[in-house]
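Down below is the structure, laid out as structure tokens.
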Amino acid sequence: MPLTLPTENPAKASPPFLCSGTLFVVATPIGNMEDITFRAIRTLTEAGLIAAEDTRQTRKLLARYKISTPLVSFHDHNKEKRAPELLQKLRSGISVALVTDAGTPSISDPGYYLVKEAIREALPVIPVPGASASVAALSVSGLPTDSFVFVGFAPRKANRRIQLLDSLKDQPRTLVFYESPKRLLGLIETMIKIMGDRDAVMARELTKIHEEIFRDKLTGIAEELSQRSSLKGECTLLVAGHGRKEEIDQKTIQCHLKRLRQDKNCSLSDLVKEVARKHRLPKKAVYDAALKLKKE
């Protein structure tokens, strides 16, 4: 039975909506299989076809809820070839449910490509909302949530990653990143150099058995990760935005100066420049703290 639009009104619908199938963008669990809506289960059951980023992963979900809808792959390596086939299905009146490995499709995901093509052809695209790692992590981060920037995965190439972080260093909103466990420490170390030390949260394996939410400064998270032999699972990193009005007291500045003086053999002027740059502080405030430290 073909799926209907939630607010279907045949009298006002345009021709494509009357004769075509609907592309349903269906959110699935990010770990815990129970985090799926009744509507998502019904949509997956009634759709004519399910397009999945990883068919092996999706089959586990379908088996759990006894869903027998035909399944095809749609991922980053076949999206240009598979998209025309799926669009033809939609044009012929077959509804397609789009799902990703976990969470909401088209968010840092090849599903974006199919959604864009369907919209370009004036085919109906309907969201079936649910789990999202970025929103789940943000909700328990303790960082400001009234306004945030979803960055997604940072570039793998060092120069492009540096350019991205440099463009975000003055952003006052909370920053949300996705990153692989193998590259997470490197990303954080680059952040510290460019953005300075900030409040941050590492959320790993959300909703799963080994769920971990680690809140600390970026340096604290980096130290923790450097002591681990390995890190596994999906990681979401949230970083506090740049607080332009935030002031650091003299004692804190002196602590930073002492630490740098121990680690580096450089002049007082160089130390002042380094601390001012790293923590985005006025040079005069850092210089005054350095003079007091020198007298001591």
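Brief remarks follow.
- The phi torsions of segment 236-241, fed into the Karplus equation with coefficients 6.51, -1.76 and 1.60 and a -60° offset, translate into couplings of 10, 10, 10, 10, 4, x Hz, rounded to whole numbers, with Gly and Pro shown as x.
- Calculated from backbone phi, Karplus (6.51, -1.76, 1.60) coupling profile of segment 158-164 in Hz, x at Gly/Pro: 4, 5, 6, 5, 5, 4, 4
- Partners of Lys208 within straight-line reach, counting aspartates and glutamates whose Cα lies under 15 Å from its Cα and excluding those fewer than 8 residues away in the same chain: Glu34, Asp35, Asp101, Glu234.
- Which listed pairs, of Lys157/Lys292; Lys66/Lys157; Lys217/Lys292; Lys60/Lys182; Lys217/Lys273, have C-alpha distances above 31 Å, in listed order: Lys157/Lys292; Lys66/Lys157
- Nearest-0.05 FRET efficiency for Lys292 and Glu85, computed from C-beta distance (R0 51 Å): 0.10
- Potential extension, Asn159-Lys66 segment - 0.36 nm per residue separation minus Cα distance: 28.7 nm
- Per-selection Kirkwood Rh - segment 156-216 (Cα, Å, 1 d.p.): 12.8 Å
- Close amide-amide hydrogen proximity is noted between Ile126 and Leu23, Phe24, Val25, each under 5 Å apart and 5 or more residues distant or on a separate chain (H modeled in the peptide plane; Pro and chain starts excluded).
- Sorting 227-238, 193-204, 62-73 by average packing, meaning the other beta carbons within 10 Å per residue, from highest down gives 193-204, 227-238, 62-73.
- Reach of Lys284 by Cα under 14 Å, taken over aspartates and glutamates that are not fewer than 8 positions away in the same chain: Glu247, Asp249, Asp270, Glu274
- Under-5 Å amide H pairs with Thr207, H placed in peptide plane, nonlocal only: none
- Computed extension gain for Gln227 through Asp166, at 0.36 nm per residue and net of the alpha carbon distance, reaches 19.2 nm.
- Pairwise label distance in nanometres, Tyr112 with Cys266, each label 7 Å out on the Cα-Cβ vector: 3.7 nm
- In segment 134-239, the C-alpha radius of gyration followed by the widest Cα-Cα span (Dmax) gives 12.7, 36 angstrom.
- Here the simple spin-label model places points 7 Å from the Cα toward Cβ, and for Cys255 and Ser139 these points are separated by 3.4 nm.
- Mean-position separation - Cα centroids, segment 179-250 and segment 36-110, in angstrom: 33 Å
- Beta bridges per DSSP with both ends in segment 15-131, % antiparallel, nearest 5: 5 percent
- Gained length - Asn32 relative to Lys273, 0.36 nm times residue gap less alpha-carbon distance: 81.9 nm
- Whole-number D in µm² s⁻¹ for segment 47-146, Kirkwood Cα-pair radius fed into Stokes-Einstein, 37 °C, 0.692 mPa s: 225 µm²/s
- Karplus (6.51, -1.76, 1.60) ³J(HN,Hα), θ = phi - 60°, over segment 184-200, in Hz, Gly and Pro reported as x: 4, 4, x, 4, 5, 5, 5, 4, 4, 5, 8, 9, x, 7, 9, 5, 8
Bear in mind these aren't lab numbers, they're just calculated from the coordinates by the rules spelled out. Predicted model, so just to flag it, every value in this text is computed and none were measured. So basically every Cβ, Gly included, is an ideal-geometry build from the backbone, and we count neighbours across all protein chains shown.
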